[in-house]
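To start, the structure under review is shown below, and the notes come after it.
What follows is calculated from the coordinates using simple rules that are stated; it is not laboratory data. The model shown is predicted, which means the values in this text are computed figures rather than measured ones. For neighbour counting, all protein chains shown are included, and Cβ atoms are generated from backbone atoms with ideal geometry for every residue, glycine included.
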Amino acid sequence: MSIKEGLLRKPNIRMYAVMAAAAFAFCLPSAVRAATLFVSPATGTFRPNDTFTVTVRTNTQGAAVNAAEGVLRFDPSRVFVTSVTTNGSIFNLNVQEPDYSNTDGTISFAGVILNPGYSGASGTLLTVTLRARTPGTATLNFQSGAVLANDGQGTNVLTSMNGGTYTVLGEAAPTPAASPAATPSPVRDSLLPDVTSPTHPDPNRWYASNDPRFTWILPTGVDGVSWLIAPNSDGNPGNQLDGLVSEVSFTDQPDGATYFHIKFQRNGAFGPIAHFPFNVDTEPPLPFTVSRVGSGDETDPRPQLMFTTTDATSGVQSYRMRIGDGDWFDVPESPAERPFRMPVQAPGIHEVVVEAIDAAGLTARATLLVTVKSITVPVIETYPVQVSPGESFRVTGTAEPESTVTLYAYRAGIIPAADLDDDVVARVTAYADEHGNWQAVVPGLATGKYRLGAVSEDVRGAVSYPSETVTVRVGSWLARQIKSLPHWFAALPLLARILLLLAIAGLFWLLWWLLKHHRRHIFVAAKSDERDSSRLEAIISDIEEELAAVARLSRSRPLYPEERHLVTKLSRYRTALKKIAGTKKRTTGKKTK
């Protein structure tokens with residue numbers, strides 16, 4: 001992505017660039033000087049596994065510039081990148097975060113310098129840390145680049161790009177060219193070992209095992225095998241035979257890039273040497289911590305986190321994160337200049353686990369408890385206690401100013417699910433004004449008893465805890481009972497209906513009187529029944545299971561008021577039933593005696 005494309009994609013950077021150009025367009029000199037991009041140091045000599053740092057700089061030749069970009073290429077078989085950073089850079093803003101690929105062998109960057117821009121001979125743009133891999137010559141050259149003048153027009157003043165050349169020691173001496181009369185020996189050529197490794201098969205990968213094993217096929221007539229493990233790529237096993245075998249194993253090899261060298265002997269003469277590289281990394285990335293950064297607003301539903309670490313041998317390849325009981329997902333590294341923003345989180349305490357993974361698959365883990373606080377909890381202030389079936393009604397209240405309020409209704413007497421979707425019978429959306437006031441009209445409900453509650457959500461996606469619920473009855477109890485009577489009851493004269501209702505009421509009163517005066521006899525008879533004892537135990541067990549379920553629910557979210565009331569009632573019932581069960585056991589024991 002070019003600087004101009006980046007400015008179009010990032011309105012804040014575009015705004016800064018336009019302001020800078022407008023402020024200084026009329027005071028800049030008309031002559032535009034040349035600028036260069038270069039790397040420093042341009043040369044160096046290193047050994048395999050050495051780490052070195054190069055800096056990408058610009059020389060503006062006295063001109064003021066306000067943006068630069070570039071793409072560099074390198075040979076990943078010779079060196080590989082362990083990190084890139086803009087720490088200490090003249091860039092104020094990154095149009096494109098510095099990036100690199102050890103697969104494609106590329107490094108890219110793009111940034112903006114705010115007014116009055118930069119003018120100098122050695123302005124730092126980017127710092128790259130490299131690790132030498134194999135002997136030979138490694139180059140770091142510019143594939144493309146641009147340096148824009150601070151002239152109000154964004155003129156590209158780049159005239160030259162100078163890369164670097166670095167030598168990795170240990171390369172085998174070049175083989176002298178054969179004379180025209182010389183011919184290769186078919187015997188010696190056929191003796192080149194074809195080495196494979198079941199434990200470290202890919203020479204370009206890193207492995208956590210330091211116990212490598214190598215295998216090969218013995219050609220016909222071979223007298224013996226000579227081998228050597230060494231850190232240099234051109235090692236010679238020497239002329240002492242190590243046996244006549246087709247495989248060998250080693251243990252406790254040191255971390256880093258190492259080579260297995262082997263040659264065959266036939267008829268007293270050694271053939272060419274095969275060199276098989278393998279990489280070992282047994283140490284995980286360094287321990288690290290996860291910290292929360294940002295404005296300190298604990299109601300922010302997307303907290304910002306910062307974490308980073310290093311791995312001395314194979315380098316950190318990736319990071320992944322898990323929030324609570326969720327699945328793992330990949331995340332970018334989060335140095336100080338670009339913290340990672342979590343996905344939207346509900347109010348509560350969330351355990352965040354971050355793992356850093358190196359090229360050998362070893363991990364280092366860090367955890368952090370992140371608290372997301374609820375925004376202002378809605379309050380239901382006015383509502384009707386009773387309405388007729390099918391009649392809509394109005395509910396008002398207060399909530400977080402300029403938030404969206406969701407008012408929901410569910411039948412009383414149930415414990416709603418966490419998301420309410422399976423239990424809600426009506427849901428209405430309202431909007432709180434700048435003072436937090438809101439109102440909603442609930443459509444007509446069927447006859448019954450309902451609980452009303454509300455939650456709110458602001459423009460950031462932050463949500464509140466549920467409000468205290470209120471009760472609304474649709475239709476009276478007597479009206480519901482009369483409505484359920486047979487049609488012939490409505491056809492009776494008024495006096496007859498009154499007398500019939502009085503008779504039914506008298507019958508209920510008589511039954512109540514009998515129960516009141518004979519409840520002790522009924523209770524004693526119930527205690528003498530052995531089957532009731534097991535029934536009481538089953539009821540007590542069911543109550544304890546319900547209490548345990550509510551206790552588990554309370555660890556994931558706050559209990560609703562009706563849930564807390566239900567816990568209290570169940571606890572009382574359990575205590576009373578245990579007393580009855582104890583009395584029954586004592587009475588049964590006396591009868592047995």
TODO: Beyond 28 Å between alpha-carbons counts as too far, so tell me which of LYS516/LYS569; LYS373/LYS449; LYS373/LYS569 fall in that bin.
DONE: LYS373/LYS449; LYS373/LYS569
TODO: Treating only the Cβ atoms of Lys and Arg (+1) and Asp and Glu (-1) as charged, compute the dipole magnitude of region 232-360 about its Cα centre; round to the nearest 20 debye.
DONE: 360 debye
Task: Distant-in-sequence amide H partners of HIS350 (H built 1.01 Å from N, under 5 Å) - done: VAL370, THR371, VAL372
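Can you tell me which of 110-119, 285-294, 261-270 comes out highest on packing, and rank the rest after it, using the mean Cβ neighbours within 10 Å? Mind dumping the intermediate values first?
Numbers: 110-119: 20.7, 285-294: 15.6, 261-270: 17.2.
Result, highest mean Cβ count within 10 Å first: 110-119, 261-270, 285-294.
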Open item on the list: Sorting check: for 198-206, 405-413, which peptide has the highest mean count of neighbouring beta carbons within 10 Å, and how do the rest follow?
Closed with: 405-413, 198-206
TODO: For region 248-319, build the charge dipole from Cβ charges (+1 Lys, Arg; -1 Asp, Glu) around the Cα centre, then report which of GLY268, PHE250, PRO285 sits farthest towards its positive end.
DONE: GLY268
Open item on the list: Using the basic label-point model (7 angstrom from Cα toward the beta carbon), what is the THR396 to ARG411 distance in nanometres?
Closed with: 3.2 nm
Task: Extended-chain gain in nm, criterion 0.36 nm per residue less alpha-carbon gap, THR55 and PHE329 - done: 95.3 nm
TODO: Express in nm, to one decimal, how much length is gained between ASP202 and ASN162 on full extension, taking 0.36 nm for each residue of separation and deducting their alpha carbon distance.
DONE: 11.0 nm
